[in-house]
Every structure is written in C-alpha cells, then in structure tokens.
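The values are calculated or read from the model by the stated rules, or taken from the named source; none is laboratory data. Just so it is clear, the model here is predicted, and its values are computed rather than measured. When we count neighbours, we look across all protein chains shown, and the Cβ atoms used for this are built from the backbone with ideal geometry, even at glycine.
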Amino acid sequence: MFPRLPTITKTLLIANIALFLLQMLPQTAGIFEQLVLWPLGSQDVIPGAPGFEPWQLLTYGFLHGGLSHLFFNMLALFMFGAPLELTWGEKRFLTYYLTCVVGAGLCQLLVTAWAGEYGPVLGASGGVFGLLLAYGMLFPNQRVMLLFPPIPMKARTFVIVFGAIELMLGFTGWQPGVAHFAHLGGMLFGWLLIRYWRGQPPFNKRGGGGRPNHLRRVK
C-alpha cells in the first residue's frame, strides 16, 4: 500500500518519521531545540531558551514529542492526505498543508502571547486538523470510523465533533500540555484557503465562472 501513496503524502510521512528518529539521538537535542515553536518573549522568561524565530512556524510541524504523538498524526495524514492529494494534485495539496501548519503556528503564538505561556510547541497536528477540515468539506458524506470508540459517522459530522471538542478543551484547559488553539488555527486557515480557491466570501472573485471541479464537494 505504501508505494501506491501519492508523492507528497508519502514524502511528508517519510520526513516526519525520519526527523523523529533523528530527534531520538542525544547529540541532536540542541539542533531540534532551535526548530520547535517558541512563544514570543520566551527567551526573556526561560533561561537558555532560543526564543522565537520565523522558520519555526514551519519546522515545528515536522517534529513530535513521542511515538504515540507521531503515530496518530501520521495515521491521520495517511487517511486524509492521500485522497485530498489525489483530488487536488501535488502542488495545491502541499500549499494547503503547509498553509495550515504555518497558520496553526501563528494562532498558537497569538494565544500564548495573550495567556502569558512560554512553553515550546511541536507536532504536525495543525496541518493534520487542516486536512481533516478539507476532507469534511470535499467529502462531507464519506463515512469515517473513530478509533476510540469505534463509531462510524459522516466526515462532515466528524469535523464538527472534533472542532467542538478542541474548542471546549482549549477554553476549559481540561487537557493541559496540548495546543488546542493551534489545532483550531490549522482548521481556520484551511477553511479560509479553500474559500479563497472557491471564490467564496470573504474572497469573492470578480468574473464568476463557478468552482473548479476539484474543489467541489464529492457526494
């Protein structure tokens, strides 16, 4: 099955797994500390912290904090990334995924600045939640299965449920140590980009012409 994956999805999987293995090497700790996403002003609060750098908005999305963190993100990338890439094509899919990663990082920076939090963030979850949002928009009636508990539901319902859970956990703080607003940021930027591509509000395009076939819903 793996050799049949579309190119960008396969490359993202390999990159994330390879970087995770490199993270496990003790001699690389200092390098990867520079690549996670540090909140604004963290270098003034945490002694020895590298502080925020612009490249971290991209690099943090290819690093993970543990095997389970990596596994579930890569499982979602495999499940939702492949059909989206086959629908959109390589260039559009990669643009979308990276936009969600960067957008999630920007939202996380805003939230941490407002909340006065200074711990670093890492993981592909912002990009993955963007993929989940896109899958629900393009394939709203496709059935997906939850792992825990194993309940089948339509992709559109799946997106709404997960978005609501992330919003609740983000505001209540019931699951500390997880960047819930980064997840929501990935979904927000993904939604905005799809709306832009479709020429829908708030990005109305003059001239009309309707939506391209590869951006329409699939029943």
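Quick look at the values:
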{"read-out": "One residue from Leu109, Leu77 being farther than 23 Å from Leu21 by Cβ and assigned to a helix (DSSP H, G or I)", "value": "Leu109"}
{"read-out": "Residues of segment 61-72 satisfying the condition of being buried (at least 20 other Cβ atoms within 10 Å of the Cβ) and more than 16 Å from Gly103 (Cβ to Cβ)", "value": "Leu63, His64, Leu70"}
{"read-out": "Breaking point among (1) surrounded by 16 or more Cβ atoms within 10 Å (Cβ to Cβ); (2) under 15 Å from the mean Cα position of the chain (by Cα), for Leu58", "value": "(1)"}
{"read-out": "Only listed residue being surrounded by fewer than 21 Cβ atoms within 10 Å (Cβ to Cβ) and modelled with pLDDT under 95, chosen from Gly116, Gly126, Gly136", "value": "Gly116"}
{"read-out": "Any hit, segment 59-70, residues being part of a loop (DSSP other than H, G, I, E, B) and either closer than 28 Å to Tyr196 by Cβ or aliphatic (A, V, I, L, M) (or both)", "value": "yes"}
{"read-out": "Residue within segment 7-20 that is basic (Lys, Arg), over 20 Å from Ala182 (Cα atoms) and exposed (fewer than 15 other Cβ atoms within 10 Å of the Cβ) present", "value": "no"}
{"read-out": "Looking only at segment 149-159, and only at residues there that are part of a helix (DSSP H, G or I) and modelled with pLDDT of 85 or more, the one that is surrounded by the fewest Cβ atoms within 10 Å (Cβ to Cβ)", "value": "Thr157"}
{"read-out": "Subset of segment 117-148 [assigned to a strand (DSSP E or B) and hydrophobic (A, V, I, L, M, F, W, C)]", "value": "Val121, Val144, Met145"}
{"read-out": "Residue in segment 49-65 that is within 23 Å of Gln142 (Cα to Cα) and modelled with pLDDT of 95 or more present", "value": "no"}
{"read-out": "Qualifying residues in segment 1-33 (those that are within 20 Å of the chain's Cα centre (by Cα) and not in a helix (DSSP H, G or I)) - the one nearest to Gly103 (Cα to Cα)", "value": "Pro6"}
{"read-out": "Test: residue in segment 65-80 that is without any contact (Cβ under 8 Å) to a residue 60 or more places away in the chain and of a type in the set (S, T, N, Q)", "value": "yes"}
{"read-out": "Filter pass, Leu40 being in contact (Cβ under 8 Å) with a residue 12 or more places away in the chain, surrounded by fewer than 15 Cβ atoms within 10 Å (Cβ to Cβ), among the aliphatic types (A, V, I, L, M) and not in a helix (DSSP H, G or I)", "value": "yes"}
